[in-house]
1. Taking the condition of a type in the set (Gly, Ala, Ser) and away from ligand 2 (no atom under 16 Å from the Cβ), does Ala105 pass?
2. Quick check on Tyr17: is it modelled with pLDDT of 95 or more and either surrounded by fewer than 13 Cβ atoms within 10 Å (Cβ to Cβ) or in a helix (DSSP H, G or I) (or both)?
3. Within the stretch 127-149, how many residues turn out to be hydrophobic (A, V, I, L, M, F, W, C), out of contact with any His (no Cβ under 7 Å at 6 or more places or on another chain) and in a loop (DSSP other than H, G, I, E, B)?
4. For the stretch 85-130, enumerate the residues that are surrounded by 10 or more Cβ atoms within 10 Å (Cβ to Cβ) and on the phi > 0 side of the Ramachandran plot.
Amino acid sequence: MESRLDRIKKQLHSQSYKLTPQREATVRVLLEHEEDHLSAEDVYLLVKEKSPEIGLATVYRTLELLTELKVVDKINFGDGVSRYDLRTEGAEHFHHHLVCLECGAVDEIQEDLLGDVEKIVEERWNFKIKDHRLTFHGICHRCHEKAES
Ligand SMILES: [Zn+2]
Ligand SMILES: [Zn+2]
């Protein structure tokens, strides 16, 4: 985790931003909850546990900065809440999501399944793709298993 933090620090430096203690606290929470999809409020509550002096506005600004620098992606699963998701290191495109309509769980597909689709879109619409968002809505395997037993 330290090396990951170091790399994010370098990423900020390369864009002339400093990893201030407030920013670092926010990044640490994101790293510790990498599997989760936290809202700004969620991140703030977790940051506050360790650094009660940091306010929501600071956390919010940090998240916006990290989004701009492409350290995190901002995503909305249709519930009107913006969530922040650490970008997979080295990935060119944002990972895909499986959102369960039953229990609300969000699972991730790290593999990029859209290569062929992108090729078609680029050729047919003469559109240079930089990134994409893919969210599947359905019933997760845990809810399937529960229903069966
Ligand atoms: Zn995700
Ligand atoms: Zn489920």
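1. Spelling it out, it is not the case that Ala105 is of a type in the set (Gly, Ala, Ser) and away from ligand 2 (no atom under 16 Å from the Cβ).
2. no
3. Of the residues in the stretch 127-149, 4 are hydrophobic (A, V, I, L, M, F, W, C), out of contact with any His (no Cβ under 7 Å at 6 or more places or on another chain) and in a loop (DSSP other than H, G, I, E, B).
4. Gly104
The values are calculated or read from the model by the stated rules, or taken from the named source; none is laboratory data. Note that this is a predicted model, so its numbers are computed, not measured. Counting neighbours? That spans all protein chains shown, and the Cβs are built from the backbone with ideal geometry, glycine included.
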